[in-house]
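*Asks:* One structure coming up, written as structure tokens, with questions to follow.
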Amino acid sequence: MIPAGFAYTRAASAAEALALLAEYGDEAKLLAGGHSLLPLMKLRLAQPERLIDIGEVADLSYINDGGDHLAIGALTRHRDVEHSSLLAEHLPLLAHVASHVGDPQVRNRGTIGGSLVHGDPASDLPSVALATGATMVITGPSGERTLPAADFFEGFLETAVGADELLTEIRFPKYTGAGWGFQKFNRRAQDWAIVGCSVQAAGNGSNGGGNGSAGGVAGAVALVNMGSTPMLASDATDALRQGSSAAEIGAVAAEGTEPPSDLHAQAAYRQHLARVLVQRAATAAGL
Ligand SMILES: Cc1cc2nc3c(=O)[nH]c(=O)nc-3n(C[C@H](O)[C@H](O)[C@H](O)COP(=O)(O)OP(=O)(O)OC[C@H]3O[C@@H](n4cnc5c(N)ncnc54)[C@H](O)[C@@H]3O)c2cc1C
């Protein structure tokens, strides 16, 4: 439970963090809230030679109204997401899910960007990014690029953020007044989900990706701990977009999934849970 030795540098701004990443290359790892990276280091599953601490970079901690979307800085703590009045009004699903991450200690330190870049299929917030069609803003040596959440999670604990890049902002469409539901099946309140899901009904915002579309956002169904990456439930999302009932959406929620079997649940039981939980979340969303 003691990590290997490492050097430590604190970055004061996003620009300084990028310069440090360019200087130290593959030997360095960014440290945000440390609530995923430090456990990996203690288990010696990660042994970075240098940590670049971005935990106090104030210019990446904000929740701003971007007109048709909400812009959230990657260093925004789960607690600030949980208690944001902007989110309560325009994207209540995200605030609600943040309130179910771990316990108060975890929510006071952990960041939305760290959770997304870590890309753990068992984590809760990626399901919101997928269900709401969020846009990731990634900054690197050659500037800024944007990516839809659906293209962000590439493999087990692997995302599209390169070793010399920072996730700087996440843009969520506004879903003001639209229905939503979240279900998390776990044994104790502070535990990770054995299975979870986010259901977002259609809204009027745009995805903030700069494509100028004003036709509204479709909503989707996303699953927690049902595969090797955070994932959309494709058939359930199609059903939602075709106006199917909550029962019909739930019935196809596990199609195409290959969930893990472990101490907590066999794969078949996880698929059963996904169907039940998605139906409940879709019902809560008014579908
Ligand atoms: C006891 C415990 C219980 C938990 N329970 C839950 C739970 O129920 N649900 C849940 O969803 N999560 C849970 N978590 C995880 C928690 O949400 C973490 O805070 C989150 O996963 C990681 O955020 P972080 O800021 O701590 O990231 P860190 O651990 O600092 O970093 C994680 C990874 O992301 C990289 N990184 C961080 N920020 C950036 C960035 N801006 N750009 C590029 N790379 C970056 C780091 O280099 C590292 O590889 C739990 C954690 C603990 C310790």
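*Asks:* Compute the orientation-averaged projected area for region 61-284 from the convex hull of its Cα atoms and round it to one decimal in nm².
*Replies:* Working: hull surface 45.6 nm².
Approximately 11.4 nm², given one-decimal rounding.
*Asks:* With the crude spin-label approximation of a point 7 Å out along Cα→Cβ, what separation in nm comes out for Ala7 versus Glu255?
*Replies:* About 5.4 nm, to one decimal.
*Asks:* Something else: So what is the relative contact order for the chain, in percent, with contacts set as C-alpha pairs under 8 Å and at least six apart?
*Replies:* So the answer I get is 16 percent.
*Asks:* If R₀ is 35 angstrom, what is the calculated FRET efficiency for the pair Ala88 and Arg44, using the beta carbon separation as r and rounding to 0.05?
*Replies:* Details: r = 41 Å, r/R0 = 1.17.
Approximately 0.30, to the nearest 0.05.
*Asks:* Under the rule of at least 5 residues apart or a separate chain, name every residue whose amide H is placed under 5 Å from the amide H of Met231.
*Replies:* Amide H neighbours of Met231: Leu223.
*Asks:* Shifting gears a bit: For region 71-101, list residues with backbone N below 12 Å from a point placed 7 Å from the Cα of Gln190 toward its Cβ?
*Replies:* none
*Asks:* Under a plain spin-label model, where a point goes 7 Å from the Cα along Cα-to-Cβ, how far apart in nm are Ala58 and Ser142?
*Replies:* With each label placed 7 Å out from Cα toward Cβ, I get 3.4 nm.
*Asks:* Work out how much length Gln266 to Ala218 would gain on full extension: take 0.36 nm times their residue separation and subtract the Cα-Cα distance, in nm to one decimal. Intermediate values should be presented prior to the final figure.
*Replies:* Working: separation 48, 0.36 × 48 = 17.28 nm, distance 3.24 nm.
Net length gain for the segment: 14.0 nm.
*Asks:* Okay, moving on. List every residue whose amide H lies under 5 Å from the amide H of Asn204, counting only residues 5 or more places away in sequence or on a different chain, with H placed 1.01 Å from N in the peptide plane.
*Replies:* Thr176, Val217
*Asks:* Starting from the amide H of Thr159, placed 1.01 Å from N in the peptide plane, find each other amide H under 5 Å away whose residue is 5 or more places distant or on another chain.
*Replies:* Under 5 Å from the amide H of Thr159 lie the amide H atoms of Glu154, each far enough along the sequence or on another chain.
*Asks:* In the chain, with Lys and Arg counted as +1 and Asp and Glu as -1 at Cβ, which of these residues, Ser85, Gly73, Gln271, has the Cα nearest the positive end of the dipole, that is, farthest along it?
*Replies:* Gln271
*Asks:* Can you give me the pair-distance distribution of region 7-57, C-alpha pairs, 10 Å bins, whole percents?
*Replies:* Cα pair-distance distribution for region 7-57, in percent: 28, 55, 17, 0.
*Asks:* What residue among Thr159, Ala14, Met231 has its Cα farthest toward the positive end of the dipole of the chain, where the charges are +1 on Lys, Arg and -1 on Asp, Glu, each on the Cβ?
*Replies:* About the Cα centre, the residue reaching furthest to the positive side is Met231.
*Asks:* Ignoring ligands, DNA and RNA, what accessible area per residue does region 7-57 give at 1.4 Å, in Å²? Working shown, then result.
*Replies:* Numbers: 2630 Å² over 51 residues.
It amounts to 52 Å² per residue over region 7-57.
The values are calculated or read from the model by the stated rules, or taken from the named source; none is laboratory data. Given the structure is predicted, the values throughout are model-derived calculations rather than measurements. Counting neighbours? That spans all protein chains shown, and the Cβs are built from the backbone with ideal geometry, glycine included. Keep in mind that these areas ignore ligands, DNA and RNA; they rest on the heavy atoms of the full protein, side chains included. Shrake-Rupley method; radii C 1.70, N 1.55, O 1.52, S 1.80 Å.
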